[in-house]
Structure formats: structure tokens, C-alpha cells
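The structure under discussion appears below in the form of C-alpha cells.
The values are calculated or read from the model by the stated rules, or taken from the named source; none is laboratory data. From a predicted model like this one, the values you see are computed outputs, not experimental measurements. No Cβ is skipped: glycine too gets one built from the backbone with ideal geometry, and neighbour counts run over all protein chains shown.
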Amino acid sequence: MTEQMWGGEPWWGVGEEWNPDWFLTDRQKELRATLIELCEQEMRANAKRSDDELLYPRRNLELLGEHGFLGLTVPEEYGGLGENHVAYSMVCETIARYGCASTAMCYVMHIGGVNAIMLRPTDELVERYIRPLRDGKIGTLSYSDPETGSHFWYPISSGAERVNGGFKVRKKASWTTSAGFADFYVVQTTSPDFSGYDDLSVFVIDGEDVEAQPALWDALGLRGNQSGPLEVPDVEIPESQIVGPVGDGAASNDESVDPWFLIGSSSVWNGIALGALDIAKRHTTRKRHVDVGLRVADYPTIQDYVGEAVIDTNACRVFVLSVANAMDKATDDNTKLLKPGEFARADFLHWAWQIKFAAAKNVAHVVDKMLHACGGSGYKRDMELERYLRDAKAGWVMGPTNEVLRQFVGKAVLLGFDVLDYWNQTFNRRAVENEVKKLDAKGKRELAEQLISQADEQEAKQAQPAAS
Ligand SMILES: Cc1cc2nc3c(=O)[nH]c(=O)nc-3n(C[C@H](O)[C@H](O)[C@H](O)COP(=O)(O)OP(=O)(O)OC[C@H]3O[C@@H](n4cnc5c(N)ncnc54)[C@H](O)[C@@H]3O)c2cc1C
């Protein structure tokens with residue numbers, strides 16, 4: 001095995017023998033080597049500037065574009081690298097580990113936007129948004145809503161209507177990575193013929209049509225990812241900028257947006273955990289205590305910290321790669337074109353929830369332990385560990401948050417998938433009957449009167465269109 005290098009010096013972090021490389025093809029290993037070189041030469045230094053100055057990592061994304069990574073999962077016939085889910089995991093992990101976590105998160109959202117389009121590619125969409133990826137065009141996903149917080153699948157402050165053969169789209173997003181910097185935004189709104197919150201549609205909006213407020217972005221970590229608020233203010237777009245049929249939003253979420261986001265973001269959290277381990281190895285093997293003649297790495301306590309962190313992080317990496325691999329198998333290595341109503345990745349969505357939970361939980365713990373291993377020196381900014389620590393803390397709170405995910409899993413295991421009720425449509429009779437039991441006769445009568453008046457109003461509303 002040739003010695004892994006970091007520029008002119010031997011690699012100082014966790015050795016490559018700890019990588020689960022049996023998942024990767026030779027080409028994917030070459031792509032990783034290219035990425036590590038880019039990180040060493042420029043991307044890691046840019047990470048510090050992005051963090052210090054709240055700077056969007058444009059140069060890092062340009063570098064990724066120059067080497068084809070912005071079109072990683074796009075078929076070669078459209079100018080992409082034609083790669084699969086495993087490659088995507090490797091790329092996100094590598095950028096976050098060796099380079100810049102903010103860049104890695106912008107990249108996750110970019111590939112999320114690209115793949116939302118590629119779920120339902122049309123000639124117009126491919127020409128306008130996919131082929132130009134070779135020239136550095138950057139996209140993102142804008143889903144979250146100020147009214148519904150981490151229930152980002154519930155876009156209350158949004159809508160679309162049919163006008164002039166196209167659509168008029170309005171959207172308010174509380175958080176959008178790359179807001180104000182991306183060239184195109186894949187957004188989800190309620191459908192033009194809105195019939196309930198599971199009736200959603202997907203549109204692409206050009207950068208010049210959105211209103212972003214990058215000045216409002218200032219956060220603990222991932223400071224370069226510029227996830228500020230965004231508005232699409234009643235923008236008219238041609239019919240060609242809807243992605244998939246009207247009402248395709250829920251299917252697009254299950255088949256594309258969620259699977260790609262969960263694989264990518266889990267890989268970013270794993271990359272940050274590895275990056276923190278790398279720094280801890282460098283520091284603890286170099287620092288000596290002259291009184292006892294030992295390096296910090298010689299203390300069994302420190303070895304225990306590192307051993308446990310490598311074992312837990314590798315469990316998360318193998319978990320992510322295994323789910324990515326399952327999606328590769330289901331999609332013939334990301335080459336299957338699925339028609340509306342056909343699903344492949346969606347069959348593994350409940351596995352994708354689990355990998356994000358595990359990776360985000362792990363990284364939050366690992367960065368704390370690596371700080372403990374490095375002592376006070378790790379608390380200072382020059383070692384970079386504190387940036388990895390701050391970046392890591394985004395994992396747990398980023399939607400779907402870990403609270404939401406563990407509840408999805410627990411609820412689905414115990415009560416079945418139907419009970420998840422994403423769009424608040426299923427009546428929970430048990431809960432209502434239990435609450436009603438607590439009322440006295442007067443309270444019951446008051447509630448009954450209120451319900452009857454609401455039912456009258458609802459029936460009158462429903463009757464209106466028929467009468468007019
Ligand atoms: C760095 C970063 C980048 C982001 N980038 C994007 C982006 O590019 N695009 C995008 O659309 N969004 C993005 N987001 C937003 C993200 O997806 C979430 O919407 C956001 O983090 C939720 O924050 P909130 O303050 O609204 O949380 P809230 O929803 O108010 O949650 C507060 C607490 O309540 C808990 N909670 C909420 N619902 C439930 C429930 N049903 N059961 C149990 N507990 C619950 C939460 O887990 C949390 O602990 C980003 C977030 C971060 C941190």
C-alpha cells in the first residue's frame with residue numbers, strides 16, 4: 001500500500017485502512033483522491049475564511065464544478081459523471097472531512113435540487129439547468145416554511161396558480177442553503193388545484209426571481225452555508241419549469257428529495273466526525289508531557305476515546321453506504337428512469353431516516369470526545385477542532401430533526417406507517433375521546449354546539465361552488 005500523503009507530508013489523520021473501501025469502485029477511489037487533493041490545496045483553507053467571515057464558499061463550489069462533481073449523479077449523456085448513491089455518499093463525506101463542511105452542505109442541497117429535476121427530466125429542464133452544471137451552475141432546495149418549522153414537508157406559506165399557460169408561484173422559506181447565491185432553486189408549494197396538504201407541486205425558480213436576505217444569516221456553525229430566509233414573490237414561470245406533473249410533490253419527496261438529502265447529509269455528519277478524529281490524532285500523537293515522557297496518545301483514556309469514536313463512526317459510515325448501496329441496486333446504479341407512480345428509493349426511506357439519526361447523534365458525541373482528548377488546546381481556534389465541533393451541532397437540529405426521526409421510527413414500528421400522518425389528516429379518535437371524557441355535561445354540550453356550528457359552516461362552504 002502506498003503511503004497516503006497530505007501535500008508534501010505523510011497523512012497525519014486516521015489511516016485509510018479504516019475506510020470501508022469495499023463499497024467503492026476503482027473510479028470512485030480515484031474521484032476521492034482528486035477531492036482530497038483539492039481539499040489540501042485550497043478547499044480547507046477556504047473553509048476557515050467562510051467560517052470567519054460568513055463567506056459563501058463559491059470558490060470551493062467552482063472547484064467542484066471544474067472537476068465535474070456538480071454533475072456527479074447526472075448521466076454522462078447530459079454532461080455528468082454518471083455516478084451512483086455510494087459515490088455521492090463518498091463525495092459528501094470527503095468534502096466535509098478534509099475540506100469544508102459548509103461547502104459539503106451546499107453540495108448536498110445542490111445535488112438534492114439536481115436530482116429532484118432528474119427524477120422527471122424534460123428536454124427543457126435538462127438544457128436549462130442540467131447541462132450548464134459543467135460550467136459551474138449551482139442549485140439548491142428551498143422547502144422549509146416559517147409557519148411549520150422542522151415540518152418542512154408542510155408548505156403553508158406557499159401556493160401556485162395557473163396563469164398565461166404557465167404558473168404563478170409564491171413561497172416563503174425560513175431557511176434555504178445557498179439563499180441568494182444559487183443560480184436555481186427547486187421549491188415545493190401547494191398545487192394550483194390545491195386539494196389538501198398532500199397535494200404539492202415542484203417548480204424550478206431562477207436565481208434572479210427570488211428575494212433572499214443573506215445578511216440575516218449568522219449561526220453557530222456551517223457559517224458558510226448561508227441558510228437564510230428566501231421568498232419567491234408571486235413569480236410567473238413558463239409551464240416548462242414545473243418538475244413532474246401537478247401534484248407530484250409527495251412522490252418527489254419520497255423518491256428523490258428525502259433519499260438524496262438523507263444519504264448526503266448523513267455522509268456530511270460522518271465526514272465531520274472523521275475530520276475531528278483526524279485532528280485529534282495529529283494533536284495527541286505530537287504533544288508530549290515531558291514530566292512523564294509520554295505523548296497524550298499514549299494514555300489509555302485517550303486511546304479509549306479514539307477507539308470508541310472510530311468504531312461508532314464506522315458503524316454509521318457502513319450503515320449509510322449500505323443504504324446507498326440498496327438504492328443503487330434498486331435503481332440499476334442510478335440509471336433507472338421512473339415514471340410518476342413508480343418507486344425505487346422510496347422503499348428504503350425508513351432506512352434513510354435511521355442513518356441520519358445515527359450519524360447526527362454520533363457526530364455530536366464524537367466532536368465532544370475529541371475536544372476532551374485534545375484538552376484546552378482543542379478549545380482554541382487555531383487547531384480547527386472547534387470549527388468541526390460547531391459545524392457538527394447542526395446535524396441534530398437540521399430537518400428532519402432527530403426528535404422527529406426517532407418518533408417516525410418508533411411510531412411506525414409500534415403502530416404502522418399509516419399512523420405517521422405527515423399532513424395532519426388522520427383523526428385520532430382515542431385522543432379525542434380521552435379528552436372529552438374529562439369534560440362535565442356543560443362542557444360536553446358547549447363542545448357539541450361548537451362542533452355543530454363548525455360542521456354547518458363547512459357544509460355551507462362545500463355547497464358554494466355547486467350553487468355558483
Ligand atoms: C445549518 C442549517 C441549514 C439548513 N438548510 C436548509 C435548507 O437548505 N432548506 C430547507 O428547507 N431547510 C433548511 N434548514 C432548516 C431545517 O430543515 C429545519 O427546518 C430547521 O432546522 C427547523 O428549525 P426550527 O427552529 O423551525 O425548529 P422547530 O420546528 O421549531 O423545532 C423545535 C424543536 O421541536 C422539535 N419538534 C418539532 N416537531 C416535532 C414533532 N413532531 N415531534 C417531536 N418534536 C418535534 C424539534 O425537533 C426541535 O427540537 C436548515 C437548518 C440548518 C440548521
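Things to note:
- Taking the criterion of being in a helix (DSSP H, G or I), away from the ligand (no atom under 12 Å from the Cβ) and not aliphatic (A, V, I, L, M), the residues of segment 100-122 that qualify are Thr103, Asn115.
- Filter pass, Lys329 being surrounded by fewer than 14 Cβ atoms within 10 Å (Cβ to Cβ), under 27 Å from the mean Cα position of the chain (by Cα) and part of a helix (DSSP H, G or I): yes
- Residues that are of a type in the set (Val, Ile, Thr), part of a helix (DSSP H, G or I) and surrounded by fewer than 17 Cβ atoms within 10 Å (Cβ to Cβ), drawn from segment 267-293: Thr285
- Single residue of segment 188-218 satisfying the filter (part of a helix (DSSP H, G or I) and more than 16 Å from the ligand (Cβ to nearest atom)) that is surrounded by the most Cβ atoms within 10 Å (Cβ to Cβ): Asp209
- Residues in segment 1-56 that are over 26 Å from Asp382 (Cβ atoms) and either of a type in the set (S, T, N, Q) or at pLDDT below 95 (or both): Met1, Thr2, Glu3, Asn19, Thr25, Gln28, Thr34.
- Val296 vs. criteria over 23 Å from the mean Cα position of the chain (by Cα), touching a residue at least 12 places away in the same chain (Cβ under 8 Å) and surrounded by 13 or more Cβ atoms within 10 Å (Cβ to Cβ): yes
- Residues of segment 49-59 that are under 19 Å from Ile279 (Cβ atoms) and within 22 Å of the chain's Cα centre (by Cα): Ser50, Asp51.
- For segment 219-239, taking the residues that are within 10 Å of the ligand (Cβ to nearest atom) and surrounded by fewer than 19 Cβ atoms within 10 Å (Cβ to Cβ), the one that is nearest to Arg387 (Cα to Cα) is identified as Leu220.
- Checking each residue in segment 332-359 for being in a helix (DSSP H, G or I) and under 18 Å from Asn84 (Cβ atoms) picks out Arg345, Ala346, Asp347, Phe348, Leu349, Trp351, Ala352, Ile355.
- Pairs meeting the criteria (first residue in segment 391-408 and more than 7 Å from the ligand (Cβ to nearest atom), second residue of a type in the set (S, T, N, Q), beta carbons under 8 Å, at least 6 apart or on different chains) are Asp391/Ser102; Gly395/Ser265; Gly395/Asn402; Trp396/Asn402; Pro400/Ser150; Leu405/Gln354.
- In segment 425-451, residue nearest to Val404 (Cα to Cα) [restricted to those that are exposed (fewer than 10 other Cβ atoms within 10 Å of the Cβ) and under 44 Å from the mean Cα position of the chain (by Cα)]: Gln425
- Beta carbons closer than 6 Å, at least 6 apart along the sequence or on distinct chains, pair a first residue in segment 23-37 that is surrounded by 16 or more Cβ atoms within 10 Å (Cβ to Cβ) with a second that is at pLDDT 95 or above for Phe23/Val86; Phe23/Leu321; Gln28/Ala87; Gln28/Met90; Arg32/Met90; Arg32/Thr94; Leu35/Thr94; Ile36/Tyr98.
- Test: Ala394 is farther than 30 Å from Gln303 by Cα, touching a Leu at 6+ places or on another chain (Cβ under 7 Å), surrounded by 18 or more Cβ atoms within 10 Å (Cβ to Cβ) and of a type in the set (A, V, I, L, M): no
- Sole residue being among the hydrophobic types (A, V, I, L, M, F, W, C), in contact (Cβ under 8 Å) with a residue 12 or more places away in the chain and farther than 18 Å from Asp258 by Cα, chosen from Leu119, Leu81, Leu141: Leu81
- Residue match in segment 77-99 (condition: farther than 23 Å from Gly180 by Cα, among the basic types (Lys, Arg) and either away from the ligand (no atom under 16 Å from the Cβ) or not in a loop (DSSP other than H, G, I, E, B) (or both)): yes
- A search for C-beta distances below 8 Å between a residue of segment 63-77 that is on the phi > 0 side of the Ramachandran plot and any residue that is at pLDDT 95 or above, counting only pairs 6+ apart in sequence or on different chains, returns Gly68/Gly80; Gly68/Leu81.
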